[in-house]
Structure formats: structure tokens, C-alpha cells
Amino acid sequence: MAADAAAVRAPARTRAPRLGGVVGGGIVAGYLSLIVLVPLAAIAARAGNFENAVTNREAVSALELTLVLALLVALVNAVAGTATAWVLVRDDFRGKRLVNAVIDLPFALPTIVAGLTLLALYGPRGSSGINLAYTRAGVLLALLFVTLPFVVRAVQPVLLELDTDMEEAAASLGARPIAIFRRIVFPNLLPAILSGVALAFARAVGEFGAVVLISGNLPFKTEMASVYIFGRLQSQDAAGAASLSLVLLAISFAVLLLVGALRRWATRHDRPV
Amino acid sequence: MIARFSLRFGVLAYLAAILLVPVGLVFWRTFDHGFGTAWHSVTTPDSKHALWLTLEIAAVSVPLNTIFGVLCALAIVRRRFPGKGLLNAVVDLPLALSPVVAGLAIVLLYGRGGWFESLPFDVLYATPAMVLATIFVSLPFVVREVVPVLREIGTDQEEAAATLGAGAFATFRRVTFPAIRWAVAYGVVLTTARSIGEYGAVRVVSGNIEGKTQTMTLLVQDKYEQFDTTGAYAVSVVLALIAIATLLLMTVIRPREEST
């Protein structure tokens, strides 16, 4: 009887019943509030003496170092990531599938292990003979390690989809490989490169685990913003830690908004007008 | 031809210098003093406790984030409501935010002077805070994997099921879930890897109490700072093996996901 009633009623429905509904929406909102929103609000509430906390010399130096290194990381990744994606899509050689799988290793490997790993090769008593421990170059290296997959994984699918017709047409008209790349391939890849770079930048700004061992956390020399925040908390300066955290939080939000805008820009031709 | 080869070798050399050689070296160094020494340092009571704690934390946070992830993806793709753009941004935030900031947020909320300071049980410097921190940093993975697949499959089949009288739960179980299961699986693998490997956020909220709130990643740092390099390398190798298992699972799941 109930089944009959449902069968009679059902065709009148215009929308499928959705699991969740109000209850699901409530669970999502509640969970997100408890895990993310309320804790972040606590940071905003506890940030005190903001101006002094973010303009004192050590904080400024840590922020400067963080931003400069993150920009460098972004630049290196833009080039190396695009080149890697190119080699993985357009080149062919033995072991390519293995190399392709290995790209994701920095995502899967715990960051502290990444730091330790680099110390084994580039640390004191490291096998390479080059000692980068407690140097800015060492910090840069650690950041390059953990951000390696972002640009590769953003560019690769776009390059796979990219039709080679245009490139062949350009070649038949006498364009050199460099010109083809610059005028045909690169413009198509640009949104993907930029969103990968933006995520790598954000990751570099906030990185902690990979740099904590190799940097030695020397104030004014190798101390990154996240390590500085940790230090403030350890010395019972919650207000100072919260203030600098707000700066990092603002950077993260800005990057995410940028990535969202890039995504919309990249798909602007796919949407119905 | 020369350009192609130099590009290939440039890329491979970069990957080798930054990724492969260092990781390979950790394996090599671990077994420098023989397998026995390495085995010994991962089977001490502290190491065993760290392993169990790490698995316990993952066992709580992965299922919770999976359920949340599917519900959240359904809300993002299938519903219209004010503030959806904000929801999207907030879900992605843990990917772009420093884990130290995530940890600090929990310390300020549950610690001295925080809004949730006087709960009847210990949160901070105990397992609950470590679980909360882990959930925070591994929150986006299932959502991000499931959203594009849900978009792709559309609502035709779900509507057909509804027309034939299926309720919301039956529609989800028999139509929607089979279509998204590989995306969910991929998200679960990423969530698990991140849960096991998280260091920064957990470091901030744990207090790093030996044999009590020490996870495997914290143990690596602790051993390294106490000049027990062999021990630090040995625990790292266990974590690296978990990471490699993760990669293998990813390469197995990815093609299935794409073919559905």
C-alpha cells in the first residue's frame, strides 16, 4: 500500500530526493564550525597588541624571509613543474610510469621525514659533502621538496587534453619550436601553471615540518614565520602568536580566492554564455 | 632531438637531486648498522606506543572526514544555498593554511583562557586535541575528490530512481554511491596518508609527552634531536614505507576512478 502510494506520488516530483537535506546540511555546517571556523575565530579573538606583534624586528624578518623564499619556490616550481609535466606527457622513455608515480611522494611522505631525508644528503655528515643545515639554501631546498607536485599535477591534465593540431599547423607554417611553445602551448597552460604556483606559494608560506630540522630556526637568519609562531606560543605569548597567524591566514585566503578566480578564468570558454 | 634529451635529463636530474637520492639514502643509512639495530629501535615501548597512537588517531579522523566529505560534496554540488562560495573556500582552507596556525587555533580554543577551557575531560596535550588537529588538516581530501565526480555523473539516474519510488537513502546507496566509490576510496587514501604523516599541527597541540602524546612523526623529531639518528631514520623508514604503500594504492585506484 505504501509502495503504491509512493509510486503514484513519485512522477509528480521534479527533483530527486537527496540524502542529507536539512539534517545533512546541519551536520556539514556543525562539523565545519567545530573543526575549522570556531578555532579560527578563537585566533582572531585572542590576537592582541596586533601592530606591535607583527612589526617587531624578529617577526618582520621571519615574514620577509618566508615571503621571499615562497616567491623563489613559486618561480622554480613554475619552470621545473612545467618542464616535468611536459616530459611526462610529451616525452617517452623507460621508467616513465615510475617517475610519474614518484612525483606524488612529497604529498604522501610526512614532512618531518622529508626534512630528515634532506639532512641525510645535504646535512652535517651528509653524503653529498655539501652542508646546507642552518642555511637559507637548506630551507629553500626543503620547501622545493614539499611543493614539487603542485605545478606538475596542475599542468599535466591540461597538457594531456591539449590538441596537437594547432601546434602542427604552426609547425607547417614554419614556426620554430620555441615560438610554438611561447605562442600556442604556453597561453593554454598559463591558468594551470598559475594555480599550481599559487598553491605551492601558500604551502611554502605555511610549511613547518620540513623546515624545522634543517633550518635550525636561527632568528634573523633562517627562522620562518610558522616556526616563529610556534616559538611565540612556547614562550607563552599567545597574543603574539595569534597576531602573526592572522597574517598567514589572510595570505592563505587570498591565495584560495586567486585560485578560484583562475579556475573560473580558465573555464570561461566552457560555460554557456 | 638534443633539446628533448636535455630537457628529459634536466627534469630527471632535478627529481633525483631533490627527491629520489635523499629518500633512497634514508633507507640506506637506516640499515647501515644492520637490520637488527633498526628493528630494535622501532620496537621499543615508546616506538610501539607511538605507532598505536598514530593508528588510533587515524582510525577516528579518517571515518569522520569520509562521512563529512561525502555529505559536504553532496551539499556543494547538489544544493543551492546562500554562502556556498564561502563553504567552498573554508573547505579548501586547510590545504593552504600553515599546520602551526591550525594547531594554535586549537590551543587557543581549548587552552587556558579559551572559550572551551573548562570541559570535563582533558583535550589539550591529550589525544582529543591531536584528533581535532588531524581532522582539521585532512579535512579537504574526500570533498575535493568526490565533488568533480558528482558533477560529472549528473542527476539523471538519481531522478530515474526517484521516479521508480526509491527513497533518498536507497537512491544514495544504489545509484549515487556506486558511481562515486572510487573517488571516495582515493580520498580516503589521501586522508589516511595525511593523518598518519601530520607533524606541525599535532606538534603544537600534543605537548610531545614521551610515551603519552607522541605520534610517529613526533618520535622522529625527538630521536633526531637526542642524537639517535639511527632510530630517527628507522622510524622514518616505517613512515616512508607507508607513504610508498599510499602511492601504490593511488596508482591502482586512479584508473578505476577515471573509467567510471
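Read-outs: derived from the displayed coordinates by stated rules, not from any lab. A quick note: this is a predicted structure, and the numbers were derived from the prediction, not measured. So basically every Cβ, Gly included, is an ideal-geometry build from the backbone, and we count neighbours across all protein chains shown.
How long are the three semi-axes of the equivalent ellipsoid for region B:34-259, computed from the Cα gyration tensor as the root of 5 times each eigenvalue, in whole Å, largest first? Before the final figure, lay out the partial values.
Values: eigenvalues 271, 104, 37 Å².
Result for region B:34-259: semi-axes of 37, 23, 14 Å.
Starting from the Cα coordinates of chain A, work out the convex hull volume and express it per residue in Å³. Kindly include the intermediate steps, with their values, before the conclusion.
On the way: hull volume 66.1 nm³, N = 273.
Convex hull of Cα atoms, per residue: 242 Å³.
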Normalised contact order of region A:49-266, rounded percent, pairs of Cα under 8 Å and 6 or more residues apart: 33
Reach of A:LYS96 by Cα under 27 Å, taken over lysines that are not fewer than 8 positions away in the same chain: none
Using a Förster distance of 60 Å, how high is the FRET efficiency between B:ILE67 and A:ASN131, based on the Cβ-Cβ distance and rounded to 0.05? 0.80
Average beta-carbon neighbours from other chains, 10 Å sphere, peptide B:235-242: 4
In straight Cα distance, which lysines are under 21 Å from B:LYS212, not counting same-chain residues fewer than 8 positions off? B:LYS48, B:LYS223
Rank by packing, highest mean first: peptides A:116-127, A:171-182, with packing defined as the count of other Cβ atoms within 10 Å averaged across residues. A:116-127, A:171-182
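Roughly what percent of Cα-Cα pairs across region B:125-170 reach past 14 Å? Walk me through the numbers before you get to the answer.
Numbers: 699 of 1035 pairs.
For region B:125-170, the share of Cα pairs beyond 14 Å comes to 68 percent.
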Based on the Kirkwood radius over alpha-carbon pairs, what value in µm²/s does the Stokes-Einstein equation return for the translational diffusion coefficient of region B:156-260 at 25 °C and 0.890 mPa s? 145
Debye sum, Cα scatterers, region A:117-273, no solvent: what log₁₀ I/I(0) at q = 0.13, 0.16, 0.17 1/Å? -0.80, -0.97, -1.02
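Using only DSSP helix segments of four residues or longer, with each worth -39500 (n - 2.57), what per-residue ellipticity at 222 nm results for chain A after dividing by its residue count and rounding to 500?
Numbers: 15 runs with 197 residues, N = 273.
When only DSSP H runs of four or more count, the value is -23000 deg cm²/dmol.
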Separation in nanometres of the label points that stand 7 Å from Cα toward Cβ, at A:ARG263 and B:PHE9: 4.1
Just to be sure I understand the curve: with the Debye formula and one point per C-alpha of region A:24-149, what is log10 I(q)/I(0) at q = 0.14 Å⁻¹? -0.94
Take peptides A:129-137, B:58-66, B:115-123, B:100-108 and line them up by average Cβ neighbours within 10 Å, highest first, as a rough protection proxy. B:100-108, B:58-66, A:129-137, B:115-123
Karplus-derived 3J(HN,Hα), 6.51/-1.76/1.60, for each residue of region A:185-200, Hz, glycine and proline x: 5, 4, x, 6, 8, 3, x, 5, 4, 5, 6, x, 4, 4, 5, 5
Distance in nm between pseudo-label sites at B:THR44 and B:ARG181 (7 Å out along the Cβ direction from Cα): 4.5
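Count, for each residue of A:202-214, the Cβ atoms from other chains sitting within 10 Å of its Cβ, then give me the mean as a whole number. Mind showing how you got there, number by number?
On the way: counts 6, 4, 0, 3, 9, 4, 10, 12, 2, 0, 5, 5, 0.
The shielding value for this peptide is 5.
Once the Cα gyration tensor of the protein assembly as shown is found, what semi-axes does its equivalent ellipsoid get, as square roots of 5 times the eigenvalues, in whole Å, sorted largest first?
Values: eigenvalues 268, 209, 112 Å².
Rounded to whole Å, the semi-axes are 37, 32, 24.
Using Cα pairs closer than 8 Å and at least 6 residues apart in sequence, work out the relative contact order for region B:34-259, in percent. Provide the component values of the computation, followed by the final result.
Working: 263 pairs, mean separation 70.9, N = 226.
Normalised by residue count, the contact order of region B:34-259 is 31 percent.
Of the peptides A:232-241, B:190-199, A:73-82, B:227-236, how do they stack up when ordered by the mean number of other Cβ atoms within 10 Å, highest first? Display every interim value, and only then the final one.
On the way: A:232-241: 17.7, B:190-199: 25.7, A:73-82: 21.2, B:227-236: 22.8.
Highest-to-lowest ranking by the protection proxy: B:190-199, B:227-236, A:73-82, A:232-241.
Over the whole of A:222-231, what's the average partner chain Cβ count within 10 Å per residue? Rounded to a whole number, please. All intermediate terms of the calculation are to be shown ahead of the outcome.
Details: counts 0, 0, 2, 3, 8, 3, 1, 6, 7, 0.
The shielding value for this peptide is 3.
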Where N is the number of residues in region A:113-198, Cα Rg divided by 2.2 N^0.38 Å: 1.60
Two-site FRET efficiency, B:ILE209 against A:PHE50, from Cβ-Cβ distance with R₀ of 25 Å, rounded to 0.05: 0.20
